[in-house]
Amino acid sequence: MRIRTLEDYTTAYRKSVETPERFWEEVAETFSWHKKWDTVLDYSFEDYSVKWFEGAKFNITENCLDRHLLTQGDKKALIWEPNSPEEEAIEFTYKQLHEKVCQFANVLKSNGIEKGDRVVLYMPMIPELAIGVLACARLGAVHSVVFAGFSSSALADRINDAQAKIVLSSDGNFRGKRIFDVKKVVDEALENCPSIEKQIVLKRTNSEVTMKEGRDIWWNEEAKKADTFCPATIIDAEDPLFILYTSGSTGKPKGVVHHAGGYMVYTKYSFENVFQLRDDDVYWCTADIGWITGHSYIVYAPLLAGSTTLMFEGVPTFPDAGRFWEVVDKYKVSIFYTAPTAIRALQAKGLEFVNKYDLSSIRVLGTVGEPINEEAWDWYHQHIGKGNCPIVDTWWQTETGGIMISNMAGVTPNKATFATLPLPGIQPVLLDAEGNEIEGNNVEGNLCIKYPWPSILRTTYGDHERCKQAYFSTYRGYYFTGDGCKRDHDGMYRILGRVDDVINVSGHRMGTAEVEDAINQHEDVIESAIVGYPHEIKGQGIYAFVICDENSTKSKEELQKEILQTVSQHIGAIAKPEKIQIVSGLPKTRSGKIMRRILRKIAEGDVSNLGDTSTLLDPEVVNEIKEGAGL
Ligand code: 6R9
């Protein structure tokens, strides 16, 4: 099953395309099931529905934890490194993690959680976040982790959309030098969340909090009362495992739903093969569990594979820009997986922070989240990998559940800035605007996938129509990724970035409509339009063009400052525009559509070729915006 050579890859890929069901069935055989499937795959991309391993019964946590107890119960499952290097780290063996997960599953159970109920987690990167996720899965409850940088109103929207019964939180969150009041945000959100019955609060920062009688309870006090064994609830392969909200090209974030069986099979398979996992690896993915990368490749896949996964609470630059490398040295990390934005930020700090540490334990490097530029790739390769570690450039999405296009460390070739080749089971195609498949090499088009893989999203929560609309309607019969892509003369894939109204800021997806809606909440804002522009560290930055009320008594600076606050309040600090330009009008077509193409050019500072502006309702406005931007 394991791919170890280029020939293995070629054979596996061919088999996965010629006989996909047989291929995935063989992979699925390697997991523990209470009952095997009746059918391997049943699907339609026309009227979207996908079912993998239907009829199979199992629990994913038995595969993550129980099955390792006999053979490697004392192996380290999870290493947790705190924000501050002064604080002690915590390590859990498989046996200990199993107990913690069972114990907290019992807490959830005694607070009324049953199979199918939704639990929202809004927590720092502490072991209990992973434990909470797995405890939900133990009971067949559906977890929805919300990144703990989102605002209370963004959190409330997600809780309400999921109709969650319980929210898991902490008193506070340490990040770098700062302490965030996590519970305050949750409390504020809960003022508008009638479905929530309980808030279970973990003590982390000892910040002062108020506990609401009858609603809020302490994690540790509850856990103390609970038994450390909890039988796993046996669910169907096609039962939901989690909801994760992500931005799309329209206003409201979508609740991407992953089902348990296929997700389990695909994440473990992709993990072991892409990183060429070994038994003694210490694996570290620096993502936050609030994003898909953390779900699949901090929690589920490494544990399914019986590996040692490291979880880091802090930030790359605290106490200084050597923090990542200090942690690598401390634990002898052998596989290191991070995002281009982090690489660029650390590259800018200079080599003195890198060279202080011994990085010789690193065997494989990985990158994810956005296209990596050549300078960052070279720096990563030369200074972190010391010129002799493969870099896996892993392209995938919240919706795909697992890595789709990537080289396999040391097995298939590296190529700077290229995700390279599809994993077995993945059939990428490039389509032109008319929906024709573009054949051959040295071509560019919109990236689509033409056959289902086990961890493809099943629906968007509570709104299947939206799922069909967003992913299966642009090109009939295909899953549309939203990314533009090039296939070079060697047949290697290079992702060019989003072709829809999604901006990728530091690897985080932001919908233009979502950010504009937030800006428009400011009382003096009449209308706004945002676009992405190239940013040295973040990959893309947000540039906002805003029309404000002429009668506003506020100065430009006041308005800009307040607009930033409004965005923080409605989405979170991650969505704050880098630049805000107050304008008197926006370039619109006669039918009222904003011509973002023009705004993008202005934001990039390149107005040499704005294209045809004659179809605009008011072409004069373009000159005014150009002038305002100092161009
Ligand atoms: C896993 C994750 C998905 C979007 C995706 C694409 C971009 C991710 C990439 C990459 C180039 C890579 N993206 N990995 N672009 N090279 N290796 O990031 O999921 O947050 O849903 O973002 O990120 O544009 O469509 P998600």
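The values are calculated or read from the model by the stated rules, or taken from the named source; none is laboratory data. Remember, it's a predicted structure, so these values are computed and weren't measured experimentally. Counting neighbours? That spans all protein chains shown, and the Cβs are built from the backbone with ideal geometry, glycine included.
The table that follows gives values for the structure above.
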quantity: Residue, nearest to the ligand (Cβ to nearest atom), within region 227-250, restricted to residues that are hydroxyl-bearing (S, T, Y) and farther than 16 Å from E114 by Cβ; calculated: T246
quantity: Which listed residue, of R476, R458, is surrounded by 19 or more Cβ atoms within 10 Å (Cβ to Cβ) and not acidic (D, E); calculated: R458
quantity: Sole exception among (1) within 16 Å of the ligand (Cβ to nearest atom); (2) in a loop (DSSP other than H, G, I, E, B); (3) under 26 Å from G541 (Cβ atoms) for K349, by number; calculated: (1)
quantity: The listed residue being loosely packed, with under 13 Cβ neighbours inside 10 Å, acidic (D, E) and farther than 29 Å from W377 by Cβ, out of E514, E527, E557; calculated: E557
quantity: Condition met for I563 (within 20 Å of N504 (Cβ to Cβ), modelled with pLDDT of 95 or more, buried (at least 20 other Cβ atoms within 10 Å of the Cβ) and in the same structural domain as I526 (by TED's automatic domain parsing)); calculated: no
quantity: Enumeration of residues in region 331-343 that are away from the ligand (no atom under 14 Å from the Cβ) and in a helix (DSSP H, G or I); calculated: Y331
quantity: Test result for K386, in a loop (DSSP other than H, G, I, E, B), of a type in the set (K, R), assigned by TED's automatic domain parsing to the domain that holds S296 and within 13 Å of the ligand (Cβ to nearest atom); calculated: no
quantity: Residue in region 419-436 that is surrounded by fewer than 16 Cβ atoms within 10 Å (Cβ to Cβ), assigned to a strand (DSSP E or B) and not assigned by TED's automatic domain parsing to the domain that holds F242 present; calculated: no
quantity: Some residue of region 404-419 being closer than 15 Å to I495 by Cα and of a type in the set (K, R); calculated: yes
quantity: Candidates G255, G248 - the one that is more than 22 Å from I426 (Cα to Cα), in contact with a helix residue (DSSP H, G or I) (Cβ under 6 Å, 6 or more places away or on another chain) and modelled with pLDDT under 95; calculated: G248
quantity: Sole residue being outside any loop (DSSP other than H, G, I, E, B), in contact with a Leu (Cβ under 7 Å, 6 or more places away or on another chain), more than 30 Å from G262 (Cβ to Cβ) and aliphatic (A, V, I, L, M), chosen from V354, V328; calculated: V328
quantity: Matching residues in region 389-402 - criterion: being in a loop (DSSP other than H, G, I, E, B) and either crowded, with 22+ Cβ neighbours inside 10 Å or more than 12 Å from the ligand (Cβ to nearest atom) (or both); calculated: C389, P390, T394, W396, G401, G402
quantity: Residues that are more than 16 Å from the ligand (Cβ to nearest atom) and modelled with pLDDT of 95 or more, drawn from region 479-515; calculated: H489, D490, G491
quantity: Criterion: under 17 Å from the mean Cα position of the chain (by Cα), among the hydrophobic types (A, V, I, L, M, F, W, C) and modelled with pLDDT of 95 or more - qualifying residue of A321, A339; calculated: A339
quantity: Test: residue in region 403-410 that is within 13 Å of the ligand (Cβ to nearest atom) and not in a loop (DSSP other than H, G, I, E, B); calculated: yes
quantity: Matching residues in region 357-383 - criterion: being within 15 Å of the ligand (Cβ to nearest atom), farther than 20 Å from V411 by Cα and among the hydrophobic types (A, V, I, L, M, F, W, C); calculated: I372, A376
quantity: Flag if N192 is in a helix (DSSP H, G or I), at pLDDT 95 or above and on the phi < 0 side of the Ramachandran plot; calculated: no
quantity: Test: residue in region 615-627 that is in a strand (DSSP E or B) and within 30 Å of S152 (Cα to Cα); calculated: no
quantity: Conditions (1) of a type outside the set (D, E); (2) farther than 30 Å from F324 by Cα; (3) within 16 Å of the ligand (Cβ to nearest atom); (4) modelled with pLDDT of 95 or more: number failed by F275; calculated: (2)
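Conditions (1) in contact (Cβ under 8 Å) with a residue 60 or more places away in the chain; (2) under 27 Å from V50 (Cα atoms), marked per residue:
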residue: L359; (1), (2): no, no
residue: E370; (1), (2): yes, no
residue: W379; (1), (2): no, no
residue: S406; (1), (2): yes, yes
residue: G410; (1), (2): yes, no
residue: E434; (1), (2): no, yes
